[in-house]
């Protein structure tokens, strides 16, 4: 049987992502912008603003935090049954 670790429905990946950024540790991220995309690499910045928080990733990629559905094997509860 396939099982997944999921976040609480009210939780966010922000702490995990900040910890990875601070530790200069490689991240495995699954995000959803017009379809699911897998990313593996370094987080160059975590931008928190009142409007929209985002992640700056290597290769010049910036994605909204709201698009992140999994980090290092931990999924949002929205994706626990896919």
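Taking the mean number of other Cβ atoms within 10 Å as a proxy for protection, how do you rank 29-35, 49-55 from highest to lowest?
Details: 29-35: 14.4, 49-55: 12.4.
With the highest mean Cβ count within 10 Å placed first, the list reads 29-35, 49-55.
In bins 5 Å wide, starting from 0, what share of all Cα pairs of region 5-79 does each bin hold, as a percent?
Per 5 Å bin, starting at 0, the Cα pair percentages come out as 3, 16, 30, 29, 17, 5, 0.
Only counting other Cβ atoms within 10 Å, I'd like 76, 37 sorted with the fewest neighbours first.
Numbers: 76 19, 37 14.
Exposure proxy ranking, most exposed first: 37, 76.
Just so you know, all these numbers are worked out from the coordinates, no wet-lab data involved. Note that the structure is a prediction, hence the values are computed from the model and not measured. A quick note on method: Cβ atoms are made from the backbone with ideal geometry, for glycine too, and the neighbour counts reach across all protein chains shown.
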